[in-house]
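Working notes, structure below.
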Amino acid sequence: MNALNPRIRIIWVLRSLLGALILGGAATGIAVFRSVSLSIPAGLTALFVVLGVIHAILRYRNWGYVVNDDALYLERGVLTEVRTEVPLVRIQHVDSRRSAFERLVGLASTVVYTAGSRGADVTIPGLTPDDASDLRERLKGLAIDADGEDAV
Amino acid sequence: MKLAPLSVPYRALQKAGRLAITLVVLGSVGTGVGFGGALVVAGVAGAIALALVYEFAYYRRYEYTFTEDTFDIESGVLNRREREIPYGRVQNVDISRNVVQRLLGLSAIDIETAGGGSTEAAIRYVTADAATTIQDEIRRRKRGDDQQRRTAAEAADDTEGAAASGDSDETDNAATREFDEPDEELLFEISPSELALAGVLSFDPRVPGLLFALFTGSIPFVSPVVPEPAAVATTGLDPTLVLFVMGAVLLVGLVVLSWVVGAVSAVVNYWGFRLTRSETELRYERGLLQRYSGTIPFEKIQTVTISDNPLKRRAGYATLAVETAGYAPGQANERGSEAAVPIAGQDRIERLAEEIDGCEDGSFDRPPKRIRRRYLARYLITLAGVTGLLYAGSVVVDAAAGLPWYLPLAGIILAPIAAHYKWLHRGYRLEADHFVTRNGVWNRETKRVPYHRLQTVIDSRTLFQRRWRVATVIADTAGSLSLLGNDAAAVDIEIDDAVALRSELRDRLQASLADRRRQRAGGSAATRSAATPADDETAGDDGTTAADETTVDNETTAAADESSVANAEPAADDDHRNES
């Protein structure tokens, strides 16, 4: 089982910080408007930040993926643990992409698409750009080798 | 080939009609500021004239052709587009005709492939004959296309057909009409009593929502009807009682109305429902006002769902739905599965399912018994929540003070029964070729997914499920109903079973794919050597994305062409693939 790059935690923490700040800002606005003490929104924001950090750490700990001979297998999730098997035959196409946050810490993600309806796209975040392209190439190669059947 | 000439005035009137409505609305609003009636009439006339001109140009530009391996459409007045759809990728071909179209002898055709969010080819409109020709022609060419991929078993079943198709391959353009008419076997025809029953058992749950949306805007209209407490007091009745009775009457009225609407729409929809099968596909026909007919190739069937509820079970009836990947979820038509048999005797449904897909009997592996306690707890918590809310409401809102907030507590008696049935109906089983799951307390759904249709296998455990040491295994397919969370799922099975099931499903998928590949290789070698180059061709399809099953040549915007929405995505996906 491959773990993600530890730096992904920075992204997740940053994201939850952003969320906490927005929520905190809204709460502060309400508090000012109703002239309640500011300690409530401050406490809320702090709580969100702490929860976000814990969630990011747990999420990192629970994330894992591995490319088997015939399937891509992923494990993830904090509250709901999800394990997904994507048969290589079913891979339609593979993307690697880098969001602004990801570029900030020098990471990339690989997205695997299938024709399915629920697990139609599976994202593996927290890869170095090289790893992401390697994974994309490898999955593409394996998918082509494994095929021989209409993917739908 | 061209569209039907009559489609020009029909389309023009359709378009102008929409414009006219807008103008009339504008006119009625604008009369205050001196926006005259004459102007509106002139506007409507102008709109019709404009639409006629545009539609004539559209008609002139629109052309569809059958090439050797693709169905091509050239269209567009301002933005031109050429679209090619490989026959092998076609999922469904549907024809629909409403009353006016039937009078004019027009038909609308929708050709679906698995990719994209909308119908890939919506031809508006051709003559009724041309529509049938298109359907038959696509079927015939698809068969020719599939011939090379045919499994050995099927090929052996039908050596004559293979030979005939081999001939027609060589003389591909000399389309022989005799070959077009395959033997059609009637699978199902709805009887009047079944139609009536389907109507009776249809309850349209959308109606209350619709009425609610309609009437929330008109509360002021309703409130005068609600009697003033003072006025009621003079009659010596309890005002809250009156309010309560009125509410009850309203509720009953709503239920009756939803039921009537459901019944009428079911009867109109399934009027004259017929399901036939030819060698390679299912064909359905239905509809009273708007007539639908279409084809579903067996090769493209993803899931077969049989559903029933205690009422239907008691009367020995069930419902069957066949799912393909063709219909994009959220598409304008919410008809869902086209080949749904609304209602028929249980044994008939089972025989049908067997005809379509090959059925096996067997018992289901149920979730562990302890899970019933979880369901019971869940129901009780929900009931407690609802009761709590009602109680809070009755305390806060004065008018609701006398309402019986404790009423939902009556559900406590039902909760254990529901919990038991939830457990009883849940289950899964692994058949030789299918993964079968069953779920639902009231409406019990049995889903059959062939192993070779599995896409991803998802095993998930929520926090609560982990406490109970259970997991859910979802077998995702490329079906269309699935987006509503209707995938085949084995819910709340032991964690060890879930892990085993997951790897079992993966293995069976690989095995069944390998099997099909072998059969295909054997089949094509046995049929004739000429199939080999064609096989190479199909091998070239490998890695084709679902989204680019149709090829759009020039990149266009949908602006000028309403009927066939431009799909820029395939081109984008192409880029991804080339780059990878």
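The values are calculated or read from the model by the stated rules, or taken from the named source; none is laboratory data. Just so you know, these numbers come straight off a predicted model, no measurement behind them. Because the Cβ atoms are built from the backbone with ideal geometry, glycine has one as well, and the counts that use them run over all protein chains shown.
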task: Scan B:I95, B:I73 and give me the residue that is surrounded by 22 or more Cβ atoms within 10 Å (Cβ to Cβ) and of a type in the set (V, I, T).
output: B:I73
- request: Say whether the condition of being out of contact with any Pro (no Cβ under 9 Å at 6 or more places or on another chain) and within 14 Å of chain A (Cβ to nearest Cβ) is met by at least one residue in the stretch B:418-429.
  value: no
- prompt: Can you tell me which of A:V78, A:V50 is part of a loop (DSSP other than H, G, I, E, B) and within 21 Å of A:L18 (Cα to Cα)?
  reply: A:V78
- prompt: If we scan the stretch B:452-471, do we find a residue that is more than 14 Å from chain A (Cβ to nearest Cβ), of a type in the set (A, V, I, L, M, F, W, C) and within 29 Å of B:Q519 (Cα to Cα)?
  reply: no
- prompt: Does any residue in the stretch A:78-104 that is more than 10 Å from chain B (Cβ to nearest Cβ) come within less than 6 Å, Cβ to Cβ, of a residue that is of a type outside the set (G, A, S) and surrounded by 14 or more Cβ atoms within 10 Å (Cβ to Cβ) six or more places away or on a different chain, and which pairs are these?
  reply: A:F101/A:I11
statement: Within the stretch A:78-87, the count of residues that are surrounded by fewer than 21 Cβ atoms within 10 Å (Cβ to Cβ) and among the β-branched types (V, I, T) comes to 3
Pick from the stretch A:126-141, criterion surrounded by 15 or more Cβ atoms within 10 Å (Cβ to Cβ) and within 10 Å of another protein chain (Cβ to nearest Cβ), ranking: nearest to A:E102 (Cα to Cα): A:S133
query: Within the set of pairs 6+ apart or on separate chains, which have a first residue in the stretch B:508-520 that is more than 7 Å from every other protein chain (Cβ to nearest Cβ), a second that is among the aliphatic types (A, V, I, L, M), and C-beta atoms under 7 Å apart?
result: B:Q519/B:A152; B:Q519/B:A153
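Can you give me the number of residues within the stretch B:466-487 that are aliphatic (A, V, I, L, M), farther than 16 Å from A:T114 by Cβ and at pLDDT below 90?
Initial filter on the stretch B:466-487 (aliphatic (A, V, I, L, M)): B:470-471, B:473-475, B:478, B:481, B:483-484.
Still in the running and farther than 16 Å from A:T114 by Cβ: B:470-471, B:473, B:481, B:484.
Right, trim to at pLDDT below 90 and you get B:481, B:484.
Number of matching residues: 2.
If you go through the stretch B:71-101 one residue at a time, how many are among the β-branched types (V, I, T) and outside any strand (DSSP E or B)? It would help to see each step written out before you state the result.
Applying the first criterion (among the β-branched types (V, I, T)) to the stretch B:71-101 yields B:73, B:77, B:85, B:90, B:93, B:95, B:99-100.
Filter once more, so that each one left must be outside any strand (DSSP E or B): B:77, B:99-100.
Looking only at that region, the number is 3.
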- line: Condition set under 22 Å from A:I11 (Cα atoms) and in contact (Cβ under 8 Å) with a residue 24 or more places away in the chain, scope the stretch A:67-77, selection surrounded by the fewest Cβ atoms within 10 Å (Cβ to Cβ): answer is A:E75
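Which one of these is closer than 29 Å to B:I21 by Cα, in contact (Cβ under 8 Å) with a residue 40 or more places away in the chain, aliphatic (A, V, I, L, M) and more than 14 Å from every other protein chain (Cβ to nearest Cβ): B:I95, B:I48, B:I111?
On the way: B:I48 fails: in contact (Cβ under 8 Å) with a residue 40 or more places away in the chain; B:I111 fails: closer than 29 Å to B:I21 by Cα.
Result of the check over B:I95, B:I48, B:I111: B:I95.
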query: List the pairs whose first member sits in the stretch B:450-476 and is at positive phi, whose second member is β-branched (V, I, T), and whose Cβ atoms are under 6 Å apart, counting only residues at least 6 apart or on separate chains?
result: B:R469/B:I495
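Applying the selection to the stretch A:53-71, what residues are outside any helix (DSSP H, G or I) and either away from every other protein chain (no Cβ under 14 Å) or within 16 Å of the chain's Cα centre (by Cα) (or both)?
So in the stretch A:53-71, the residues outside any helix (DSSP H, G or I) come out as A:63-71.
Answer for the stretch A:53-71, where residues must be outside any helix (DSSP H, G or I) and either away from every other protein chain (no Cβ under 14 Å) or within 16 Å of the chain's Cα centre (by Cα) (or both): A:W63, A:G64, A:Y65, A:V66.
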field: Residue identified as touching an Asp or Glu at 6+ places or on another chain (Cβ under 9 Å) and buried (at least 18 other Cβ atoms within 10 Å of the Cβ) among B:Y62, B:Y125
entry: B:Y62
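Of the residues A:S109, A:S16, A:S35, only one is more than 14 Å from every other protein chain (Cβ to nearest Cβ), small (G, A, S) and part of a strand (DSSP E or B); which?
It is A:S109.
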message: Can you confirm whether B:R461 is of a type in the set (K, R), more than 27 Å from B:I296 (Cβ to Cβ) and buried (at least 21 other Cβ atoms within 10 Å of the Cβ)?
response: yes
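Which residues, counting only those in the stretch A:115-152, are assigned to a helix (DSSP H, G or I) and modelled with pLDDT of 85 or more?
At the first step, the residues of the stretch A:115-152 found to be assigned to a helix (DSSP H, G or I) are A:129-146.
Result: A:P129, A:D130, A:D131, A:A132, A:S133, A:D134, A:L135, A:R136, A:E137, A:R138, A:L139.
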- request: Determine whether the stretch A:49-64 contains at least one residue that is within 29 Å of A:D134 (Cβ to Cβ), of a type in the set (D, E, K, R), crowded, with 16+ Cβ neighbours inside 10 Å and in contact (Cβ under 8 Å) with a residue 40 or more places away in the chain.
  value: yes
